[in-house]
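Trainee: Pasting a structure here, questions to come.
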Amino acid sequence: MWKVIYIAPTQERAEKLKKLLVDNSFLCQLKQVASRRNNKPAAIEISVPAAEAEEAYEVLAEHGFQG
């Protein structure tokens, strides 16, 4: 089961956070959750396996990304 740990406002931010998580050995997936504006996603969920969610969130927090 996957757990959302962050909702990014842009595709660029989502990709940056995904890279940070993958570089720290986390599985990660992105999912568009809001309608598109100007052909770009309006919000993207960043999810990790539920068992790794707390640790992954800590990695994000250490790098200044908090929900």
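The values are calculated or read from the model by the stated rules, or taken from the named source; none is laboratory data. The structure displayed is predicted, hence computed values, not measured ones. Heavy atoms of the whole protein, side chains included, go into the accessibility calculation; ligands, DNA and RNA do not. Shrake-Rupley method; radii C 1.70, N 1.55, O 1.52, S 1.80 Å.
Trainee: For residue 55 and residue 4 in one chain, what is 0.36 nm times their gap in residues minus the Cα-Cα distance, to one decimal in nm? Could the numbers behind the result be given before it?
Mentor: Details: separation 51, 0.36 × 51 = 18.36 nm, distance 1.27 nm.
Result for the pair: 17.1 nm of gain on full extension.
Trainee: Given the rule -39500 (n - 2.57) for each run of at least 4 DSSP H residues, summed and divided by the residues of the chain, what is its mean residue ellipticity at 222 nm, to the nearest 500 deg cm²/dmol?
Mentor: When only DSSP H runs of four or more count, the value is -10500 deg cm²/dmol.
Trainee: Enter the accessible area of residue 31 (Å², nearest 10), with the probe set to 1.4 Å and all protein chains included.
Mentor: Here the residue's solvent-accessible area equals roughly 120 Å².
Trainee: Treating the angle as unsigned and between 0 and 90°, give the value, to the nearest 10°, between the Cα long axis of helix 53-62 and the longest Cα principal axis of the chain.
Mentor: 80 degrees
Trainee: Output the 0 to 90 degree angle, nearest 10, between the alpha-carbon long axis of helix 11-23 and the longest principal axis computed from the alpha carbons of the chain.
Mentor: Helix 11-23 and the main axis of the chain meet at about 20 degrees.
Trainee: Sticking with this one: Given the chain reduced to its alpha-carbon atoms as identical point scatterers, what log10 I(q)/I(0) does the Debye formula return at q = 0.13, 0.21, 0.24 Å⁻¹?
Mentor: Scattering profile of the chain, log10 relative to I(0): -0.31, -0.78, -0.99.
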